[in-house]
Amino acid sequence: MKELAKKAASKLKQASEMVIVSHIDADGISAAGIASQALDHIGMEHEVKFAKKLDEAYINELIASKPELVWFTDLGSGSTDILQDLDCIISDHHKPVESTGGSKKKPKTLFDFTEDDDMPVSDFLQVNPHFVGLDGSNDISGAGTAYLVARALDPELRRLSHLAIVGAVGDMQDRELGRLQGTNRDILADAEHFGVIEAIEDVNFFGRETRPVWKMLQYASELEINGVTDDYRGSMDFFMELGINLKRGENWRAWVDLKESEKKEIIEALNYYVPAENFMGEVYLLPQEKKGTELHEAKEFATLLNSCGRYDAAVIGLDVCKGDRGEALDLAYGLRKGHRKQLVDSIKIMQSVGISQMEYIQFVHVGDMIRDTIVGTVAGMLFGSGKIDDKKPIFALAEADDGIKISGRGTRQLIEAGLDLSEVMRQAVETFHGAGGGHNIAAGATVAPEQVNDFLELANEIVGRQLA
Ligand code: C5P
Ligand code: C5P
Ligand code: ZN
């Protein structure tokens, strides 16, 4: 990938101006933050655009604006079949389109070029882990691949490595092992070396910086402690029984406000119910940010970015990534509040609509009650809650501007059993002419409303085959 990144960087340098196109989620915004700062650094004029997905309508509009060169980050690899008319480079970790042998052109990668080749205009230079046999869902994020390009532009840009960690954590790449793995660890080494990330062993619950500890524990669904999880009184009692003050003065105490001896006591008490490896792991701090804020820890930082991107305000997240600690950060905090409420409400909505079962899959259609941009996040949150079947992938459907958005989510166990949701979306999209793709564990597509039933039948059949 380093070699791929070098090629990409040398191509970038030849342009006089360019457009960055990135995905709207935390990883995509972090990726754009890296790419944009890298171009600022080399003095390259550029514009940043965000997209929910790449489809022909979007690409045609992009082509009409006649960009000299486009840098796609955290998207692109799943769409090379519609990018022939653009001169572009791609840094992405989504599963690449494969050659269908028909009219579609096989995407070219670095390995199709020799050192002295001029880069042909319509071929694709992709920095993507899939081309070097690595797993795009765990090894590196979209922000990570953009970082490799930035690093190849100028080693000094290693100072941006914290954003690659935020992107990876935003895409949950630390989930499987309780810590980052693969290429992400090399990036982490850069980040620690430059003092932009500090990795510590700690509880890996969400909200260690900004949530009252009792709330953090109440929502830690991975614990499943009877009478504590999902129970605010029980959670408060848990701390009171340990003699730990929940407040200092008027303020609720967050995990970061506790003394080391208090943390130790809590961890020991939790360990009585649940094995420590279930709730301990590596936590990534941003030591240059203010302690006790969303920006001080990668998972909370990523959620702040999602709070922007998933509500049509990715640019605000970008400004925060680029260092705005004034207006953009204030706006992001506002959006964060809204996102928190949307997630809580949406989980309730999804449960009240009810999950329908097919033989190999389960699905839920929430109509216009949940935004198409968060329906996947909400579906993913239901795994492990006991409210859905953990043995089948879930497909959550919601109305979007241009059809029905479908978000698929699976579990690690299902992936090990053969599930590949990106393949399900790919095949479905070929059948129904929609747009879709993603990763084995999480993928999405948009189809026409009248195709929903056929889509579900087909998905059921494909998943059945994958798990056989
Ligand atoms: O578009 P992008 O690659 O950034 O998004 C990856 C998606 O995969 C995210 O929505 C993330 O939450 C999801 N994911 C997941 N479980 C994992 C890894 C990723 O749901 N273990
Ligand atoms: O939108 P959602 O969160 O369900 O997306 C899950 C994964 O599928 C993300 O990595 C996203 O980039 C990808 N996806 C895609 N093409 C689409 C929709 C989603 O590649 N049309
Ligand atoms: Zn990503």
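The lone criterion from (1) in contact with an Asp or Glu (Cβ under 8 Å, 6 or more places away or on another chain); (2) more than 15 Å from ligand 2 (Cβ to nearest atom) left unmet by ALA398 is number (2).
In this structure, LEU304 does not qualify as within 19 Å of the chain's Cα centre (by Cα), open to solvent by 30 Å² or more (accessible area, probe 1.4 Å) and either within 16 Å of ligand 2 (Cβ to nearest atom) or over 19 Å from ALA443 (Cα atoms) (or both).
For segment 122-178, the candidate set comprises residues that are in a loop (DSSP other than H, G, I, E, B) and among the hydroxyl-bearing types (Ser, Thr, Tyr); within that set, the residue that is farthest from ligand 3 (Cβ to nearest atom) is SER122.
All of ALA468, ALA379, ALA445, ALA417 fail the test of being surrounded by fewer than 22 Cβ atoms within 10 Å (Cβ to Cβ), within 16 Å of ligand 1 (Cβ to nearest atom) and among the hydrophobic types (A, V, I, L, M, F, W, C), apart from ALA417. Scanning segment 143-175 for residues that are within 16 Å of ligand 2 (Cβ to nearest atom) and open to solvent by 30 Å² or more (accessible area, probe 1.4 Å), which turns out modelled with the lowest pLDDT? Ranking the candidates gives ARG175 first. Entry remark, segment 112-130: residues being under 30 Å from ALA26 (Cα atoms), more than 16 Å from ligand 1 (Cβ to nearest atom) and modelled with pLDDT of 50 or more number 3 in total. Taking the criterion of being within 11 Å of LYS13 (Cα to Cα) and in contact with a strand residue (DSSP E or B) (Cβ under 8 Å, 6 or more places away or on another chain), the residues of segment 37-53 that qualify are LEU39, MET44. Give the residue that is surrounded by the most Cβ atoms within 10 Å (Cβ to Cβ), with candidates limited to residues of segment 424-440 that are aliphatic (A, V, I, L, M) and more than 9 Å from ligand 2 (Cβ to nearest atom). Residue satisfying both the conditions and the ranking: VAL424. Condition check for ARG465 on (1) more than 10 Å from ligand 2 (Cβ to nearest atom); (2) under 24 Å from ASP345 (Cα atoms); (3) basic (Lys, Arg): one failure, at (2). Within segment 49-67, the set of residues being away from ligand 3 (no atom under 16 Å from the Cβ) and touching a Gly at 6+ places or on another chain (Cβ under 9 Å) comprises just one member, ASP55.
Do the conditions hold for VAL228, that is, is it within 25 Å of GLY386 (Cβ to Cβ) and either touching a strand residue (DSSP E or B) at 6+ places or on another chain (Cβ under 9 Å) or not assigned by TED's automatic domain parsing to the domain that holds SER141 (or both)? Against the criterion (within 25 Å of GLY386 (Cβ to Cβ) and either touching a strand residue (DSSP E or B) at 6+ places or on another chain (Cβ under 9 Å) or not assigned by TED's automatic domain parsing to the domain that holds SER141 (or both)), VAL228 qualifies. Quick check: is even one residue across segment 245-255 assigned to a helix (DSSP H, G or I), over 30 Å from CYS321 (Cα atoms) and not assigned by TED's automatic domain parsing to the domain that holds ILE374? No, every residue in segment 245-255 fails to be assigned to a helix (DSSP H, G or I), over 30 Å from CYS321 (Cα atoms) and not assigned by TED's automatic domain parsing to the domain that holds ILE374. When segment 68-92 is examined, which residues are found to be in a loop (DSSP other than H, G, I, E, B) and either within 12 Å of ligand 3 (Cβ to nearest atom) or aliphatic (A, V, I, L, M) (or both)? The answer is LEU69, ASP74, LEU75, GLY76, LEU83, LEU86, ASP92. Take ILE34 and tell me if it is within 13 Å of ligand 3 (Cβ to nearest atom), among the β-branched types (Val, Ile, Thr), open to solvent by less than 50 Å² (accessible area, probe 1.4 Å) and not in a helix (DSSP H, G or I). The answer is no for ILE34. Selection of segment 37-63 for residues being more than 27 Å from GLU300 (Cα to Cα), among the aliphatic types (A, V, I, L, M) and assigned to a helix (DSSP H, G or I) yields ALA57, ILE59, LEU62, ILE63.
Put simply, of GLY249, GLY234 the only residue that is over 30 Å from the mean Cα position of the chain (by Cα), small (Gly, Ala, Ser) and either within 14 Å of ASP202 (Cβ to Cβ) or open to solvent by 60 Å² or more (accessible area, probe 1.4 Å) (or both) is GLY249.
The values are calculated or read from the model by the stated rules, or taken from the named source; none is laboratory data. The model shown is predicted, which means the values in this text are computed figures rather than measured ones. Backbone-built Cβ (ideal geometry, glycine too); neighbour counts: all protein chains shown. Only protein heavy atoms, including side chains, enter the accessible area calculation; ligands, DNA and RNA are left aside. Shrake-Rupley method; radii C 1.70, N 1.55, O 1.52, S 1.80 Å.
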